[in-house]
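The values are calculated or read from the model by the stated rules, or taken from the named source; none is laboratory data. Note that the structure is a prediction, hence the values are computed from the model and not measured. Positions of Cβ are backbone-derived with ideal geometry, glycine not excepted, and every protein chain shown enters the neighbour counts.
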Amino acid sequence: MRTAIIGGGIAGLAAAYELEKARVSYTLFESGSRLGGVIASSSVAGSILEEGPDSFLTEKPAAIELCRELGLGDALIPSNDAARKTWIVVRNRLIPLPDGLMFLVPTKLIPTALSPLFSLGAKLRMARELLLPPRPAAGDESVAALVERHYGPEAVDRLAGPLLSGIYGGEADQLSARAVLPRLVEMESHYGSLTRAMLAARRVPRPTGSPASGPARRSTFTTLRGGLQQMIDALAVKLNPQSIRMHTPVRQLEHIPEGWRITHPRASEIYGAVIVATPAWAASTLLATVDAQLAEELAGIPYSSSITVNLVYDEIKLGPLPEGFGFLVPASAGRAMLACTFAHRKFLGRTAPGKAVLRAFLGGVRNAALLDQPDGILVATARRELSEILGPRVIGPHIEPEEARVSRWPRAMAQYAVGHLDRVRRIRQRVAAWPNLHLIGNAYDGIGIPDCIRLGRAAAAQVTQPVAQPVSAKLK
Ligand SMILES: Cc1cc2nc3c(=O)[nH]c(=O)nc-3n(C[C@H](O)[C@H](O)[C@H](O)COP(=O)(O)OP(=O)(O)OC[C@H]3O[C@@H](n4cnc5c(N)ncnc54)[C@H](O)[C@@H]3O)c2cc1C
């Protein structure tokens, strides 16, 4: 069936790749001047700079599988987990995350008891958590409410908040516990205490061959030696150039007896099926006249914006950086910076010898206005905060970066707010009522790259082998 794909981020590209393999005629419409959406990396004087995402979770196989299929198996590299250590900024001091944290849950008594991250009162509260009785599953609530009920407000401020703003650019008091931490919600209903539940889960031997079993335990993250852009370039090579329309923003969709009419600035065209791979807010505009209720649900999915500032330094000029991958900044610190990755440590072999790459994240829900600031101000802000956090002897104001690259990602990261799963269920029901309409991307069923690839390929498979699917299976 002749298919239109709207949006050339990783979700749309994965769908296009699948259709190309199945020899189904398709056109991919991309409003911008490049493919890849928020995935963009460049090589600057021998160092890879990741401007958007830097890697994917190893335990979710879709991205690694796709890279292997694209012939990039040899370019896959693991995160340098031997050096993994993450710091939290508390009153301008770096404090390590205690050993034994699993999904925000402290599972090692001694490291947690000794950690300077929490006050004595908070530690006593964490110890009492072991006594909590099972809690029958109720409605959705925020991650902050769940974590606070178990471990108190300090755990929200110093643990849940910074970890989630590092992943979603979002706030723990808005994100849905059911959508973001489904495992903890389930554990609470069986065990009550999350710590007891995690300890019990750890005692269950993992099946042989599972990602974390055996001596060849896999790394937490995987990336590509030449940057994630390698995956986008390899995908683009596999696609028929005639099927790709760059600089072509789709303005409207209409359902007509012949199928779907796609309107863009140059023409209107008719397709049998349509895969909408844009952010949900853009999908809402496209579908406004098709299904007002669906459009309203889509518009209700909030988004956060973020900014990355990549700074390349000569290592000799910097003082010694703390060990590990970088640090996270709690909201209570009142800073523009949400997190900073020591990129040259997280993945080895992607930075020119003798250089250090510090990748700062600014913005998020709490600092959306930063997006309008000029590059110079953003670089200066990142440098000032790095100096205040790491200390002027590590990175004094006089130490100039050799390269500085600012990348803005407006409204790019869907926020799975309280009630997200119900909203997605309603969206799926409405989508199922329209023939050959598919919605993919990071707004629905996982924000990571592997999730977007999985949804993109599944939507294309539905176009090539349309089988009657129960509504609940759509988008899964
Ligand atoms: C800064 C940042 C860091 C991240 N870090 C990680 C990470 O380390 N690991 C990880 O797994 N995930 C990470 N993510 C999340 C992940 O990268 C994204 O969720 C994923 O890449 C989104 O892909 P997508 O195809 O859904 O959307 P996008 O990449 O947003 O692509 C959508 C495309 O649609 C196009 N478009 C929009 N409207 C129209 C229209 N009307 N007509 C035509 N085209 C249109 C846009 O131009 C864009 O190219 C990060 C995200 C950001 C922003």
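Among the residues of the range 65-74, is there at least one that is of a type in the set (D, E, K, R) and within 13 Å of the ligand (Cβ to nearest atom)? Give the derivation first.
The initial filter retains those residues of the range 65-74 that are of a type in the set (D, E, K, R), namely 65, 68-69, 74.
Imposing the further condition that a residue be within 13 Å of the ligand (Cβ to nearest atom) reduces the set to none.
No, every residue in the range 65-74 fails to be of a type in the set (D, E, K, R) and within 13 Å of the ligand (Cβ to nearest atom).
I'd like to know if the range 141-156 contains one or more residues that are among the aromatic types (Phe, Trp, Tyr), under 23 Å from residue 326 (Cα atoms) and outside the structural domain of residue 368 (by TED's automatic domain parsing). Full working, then the answer.
Just the residues of the range 141-156 that are among the aromatic types (Phe, Trp, Tyr), to begin with: 151.
From what is left, the residues that are under 23 Å from residue 326 (Cα atoms) are none.
No.
With respect to residue 360, determine if the residue is under 24 Å from the mean Cα position of the chain (by Cα) and either in contact (Cβ under 8 Å) with a residue 60 or more places away in the chain or surrounded by 16 or more Cβ atoms within 10 Å (Cβ to Cβ) (or both). Write out each step before concluding.
Values: under 24 Å from the mean Cα position of the chain (by Cα): yes; either in contact (Cβ under 8 Å) with a residue 60 or more places away in the chain or surrounded by 16 or more Cβ atoms within 10 Å (Cβ to Cβ) (or both): yes.
The answer is yes for residue 360.
Residue-wise test of (1) closer than 20 Å to residue 411 by Cα; (2) away from the ligand (no atom under 11 Å from the Cβ).
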| site | (1), (2) |
| --- | --- |
| 8 | yes, no |
| 12 | yes, no |
| 23 | no, yes |
| 33 | yes, no |
| 38 | yes, no |
| 52 | yes, no |
| 60 | no, no |
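Give me a count of the residues in the range 405-428 that are within 12 Å of the ligand (Cβ to nearest atom) and not aliphatic (A, V, I, L, M).
7
Which one of the conditions (1) assigned to a strand (DSSP E or B); (2) of a type in the set (A, V, I, L, M, F, W, C); (3) surrounded by fewer than 16 Cβ atoms within 10 Å (Cβ to Cβ) does residue 113 fail to meet, given that it meets all the rest?
Every listed condition holds for residue 113 apart from (1).
The rows are residues; the columns are (1) charged (D, E, K, R); (2) touching a residue at least 60 places away in the same chain (Cβ under 8 Å); (3) farther than 19 Å from residue 459 by Cα.
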residue	(1), (2), (3)
238	yes, yes, no
243	no, yes, no
252	no, no, yes
282	no, yes, no
310	no, yes, yes
314	yes, yes, yes
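Looking at the range 305-316, which of the residues that are of a type in the set (Ser, Thr, Tyr) and under 30 Å from residue 172 (Cα atoms) is surrounded by the most Cβ atoms within 10 Å (Cβ to Cβ)? Spell out how you get there, then give the answer.
So in the range 305-316, the residues of a type in the set (Ser, Thr, Tyr) come out as 305-306, 308, 313.
Among the residues that remain, those that are also under 30 Å from residue 172 (Cα atoms) are: 305-306, 308.
Numbers: 305: 20, 306: 27, 308: 25.
Among residues in the range 305-316 that are of a type in the set (Ser, Thr, Tyr) and under 30 Å from residue 172 (Cα atoms), the one surrounded by the most Cβ atoms within 10 Å (Cβ to Cβ) is 306.
Which pairs do you get when a residue that is part of a loop (DSSP other than H, G, I, E, B), found in the range 387-404, comes within reach of a residue that is among the hydroxyl-bearing types (Ser, Thr, Tyr), reach meaning Cβ atoms under 6 angstrom, with the pair 6+ apart or on two chains?
397/387; 401/313
Find the residue count for the range 265-276, including only residues that are near the ligand (Cβ under 10 Å from one of its atoms) and either over 21 Å from residue 246 (Cβ atoms) or outside the structural domain of residue 435 (by TED's automatic domain parsing) (or both).
Matching residues across the range 265-276 total 0.
Residue under question is residue 263, and the condition is that it be without any contact (Cβ under 8 Å) to a residue 24 or more places away in the chain, β-branched (Val, Ile, Thr) and more than 30 Å from residue 375 (Cα to Cα); does it hold? Give the steps one after another, and end with the answer.
Working: without any contact (Cβ under 8 Å) to a residue 24 or more places away in the chain: yes; β-branched (Val, Ile, Thr): yes; more than 30 Å from residue 375 (Cα to Cα): yes.
Judged against the criteria, residue 263 is a match.
Select, from 302, 279, 322, the only residue that is away from the ligand (no atom under 11 Å from the Cβ) and either modelled with pLDDT of 95 or more or buried (at least 19 other Cβ atoms within 10 Å of the Cβ) (or both). Break it down into steps so the answer makes sense when it comes.
Numbers: 279 fails: away from the ligand (no atom under 11 Å from the Cβ); 322 fails: either modelled with pLDDT of 95 or more or buried (at least 19 other Cβ atoms within 10 Å of the Cβ) (or both).
Matching residue, one of 302, 279, 322: 302.
Considering (1) buried (at least 18 other Cβ atoms within 10 Å of the Cβ); (2) more than 23 Å from residue 3 (Cα to Cα), say which one residue 29 fails and leave the rest.
(2)
Quick check: is even one residue across the range 22-34 under 27 Å from residue 268 (Cβ atoms), under 25 Å from the mean Cα position of the chain (by Cα) and either basic (Lys, Arg) or not assigned by TED's automatic domain parsing to the domain that holds residue 252 (or both)?
Here is the first cut: in the range 22-34, the ones under 27 Å from residue 268 (Cβ atoms) are 22-34.
If we keep only those that are under 25 Å from the mean Cα position of the chain (by Cα) as well, we get 28-34.
Among the residues that remain, those that are also either basic (Lys, Arg) or not assigned by TED's automatic domain parsing to the domain that holds residue 252 (or both) are: 34.
Yes, there is a match, as at least one residue in the range 22-34 is under 27 Å from residue 268 (Cβ atoms), under 25 Å from the mean Cα position of the chain (by Cα) and either basic (Lys, Arg) or not assigned by TED's automatic domain parsing to the domain that holds residue 252 (or both).
Regarding residue 453, is this residue under 24 Å from residue 220 (Cα atoms), within 10 Å of the ligand (Cβ to nearest atom) and assigned to a loop (DSSP other than H, G, I, E, B)? Spell out the reasoning first.
Working: under 24 Å from residue 220 (Cα atoms): yes; within 10 Å of the ligand (Cβ to nearest atom): yes; assigned to a loop (DSSP other than H, G, I, E, B): no.
So residue 453 fails the test.
Applying the selection to the range 278-313, what residues are more than 15 Å from residue 413 (Cβ to Cβ), polar (S, T, N, Q), under 22 Å from the mean Cα position of the chain (by Cα) and not in a strand (DSSP E or B)? I'd like the intermediate steps shown before the answer.
As a first pass, look at the range 278-313 and keep what is more than 15 Å from residue 413 (Cβ to Cβ): 283-300, 309-313.
Applying the additional criterion that residues be polar (S, T, N, Q) yields 284-285, 289, 293, 310.
Next, only the ones that are under 22 Å from the mean Cα position of the chain (by Cα) stay: 284, 310.
Hit for the range 278-313 is 284, nothing else.
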